[in-house]
Amino acid sequence: MGKMSRKEVLERFEEAVYTAKRLPPVIIPGCKAAWPDIIYTPLEILQQEKRPIKLRPSSEQLSRLDEVLSWTPLLTELERKLIWYKAQRKPWKFICTALGISKSSGNEKLNKALDYLSDRIERL
């Protein structure tokens, strides 16, 4: 694999966030509601709004998600949080408040972390 730019690395993290959101929910076995099932009449079924189809991530997207998750141990905790917040497209005001840093130092740390990752990915 060739050297990835900062933008490409951040795009991979953004795709990982998108893929993780599309994963099926975790259901704990044996944990169920005590309410009885509701039986609808055919007329009620016709009047209900159609549920949107949830598309599941493809195997390629899951493998890229796994690859991105394998990169995270290479970073410090602050760098991890910073990159994941940016991948979730959180505003700088939120990031700065959550991490206790200024916007300029956050941007600098983000660029350093993305450069470090792109160098490490090239060597893998």
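Here are a few things to note about the model shown:
- Estimated at the nearest 10 Å², the accessible area of LEU43 is 110 Å² with a 1.4 Å probe.
- Per-residue SASA entry for LYS54, accessible area with 1.4 Å probe, Å² rounded to 10: 140
- With the whole protein complex present, TYR116 retains an accessible surface near 90 Å², based on a 1.4 Å probe.
- Of ASP119, ASP66, ASP37, the residue with the largest accessible area leads and the full order is ASP37, ASP66, ASP119 (1.4 Å probe).
- Whole-number D in µm² s⁻¹ for the chain, Kirkwood Cα-pair radius fed into Stokes-Einstein, 4 °C, 1.567 mPa s: 73
- Neighbourhood charge, 12 Å Cβ-Cβ cut-off, centred on LYS81 and excluding it, Lys, Arg +1 and Asp, Glu -1: +2
- Separation between Cα centres of segment 75-109 and segment 1-30, rounded to whole Å: 18
- Rounded to whole numbers, the Karplus 3J(HN,Hα) couplings from phi for segment 104-115 are 5, 6, x, 5, 5, 5, 4, 5, 5, 5, 5, 5 Hz, using 6.51 cos²θ - 1.76 cosθ + 1.60 with θ = phi - 60°, and x at Gly and Pro.
- Charge dipole magnitude, Cβ of K and R +1, D and E -1 - segment 1-102, Cα centre, debye nearest 20: 340
- Basic side chains Lys and Arg get +1 at the Cβ, acidic Asp and Glu get -1 at the Cβ, and with that the dipole of segment 13-60 about its Cα centre reaches some 60 debye.
- In this structure, the residue pairs whose Cα-Cα separation is over 20 Å, taken from LYS3/LYS90; LYS7/LYS81; LYS3/LYS81; LYS21/LYS81, are LYS3/LYS90; LYS3/LYS81.
- Percent accessible area from carbon and sulfur atoms, the chain, protein chains only, probe 1.4 Å: 58
- For the residues GLU8, GLU14, GLU77, a 1.4 Å probe over the protein chains yields an accessible-area ranking, largest first, of GLU77, GLU8, GLU14.
- Averaged over its residues, the chain has an accessible area of 77 Å² per residue, based on protein heavy atoms and a 1.4 Å probe.
- Applying 1/(1 + (r/R0)^6) with R0 = 22 Å to the Cβ-Cβ distance of VAL26 and LEU55 gives a FRET efficiency near 0.75.
The values are calculated or read from the model by the stated rules, or taken from the named source; none is laboratory data. Keep in mind that what you see is a predicted model, and the values were worked out from it rather than measured. Neighbour counts are summed over all protein chains in view; Cβ atoms, including those assigned to glycine, are modelled from backbone coordinates with ideal geometry. The protein model used for the area step is the full one, side chains on, heavy atoms only, and it has no ligands, DNA or RNA in it. Shrake-Rupley method; radii C 1.70, N 1.55, O 1.52, S 1.80 Å.
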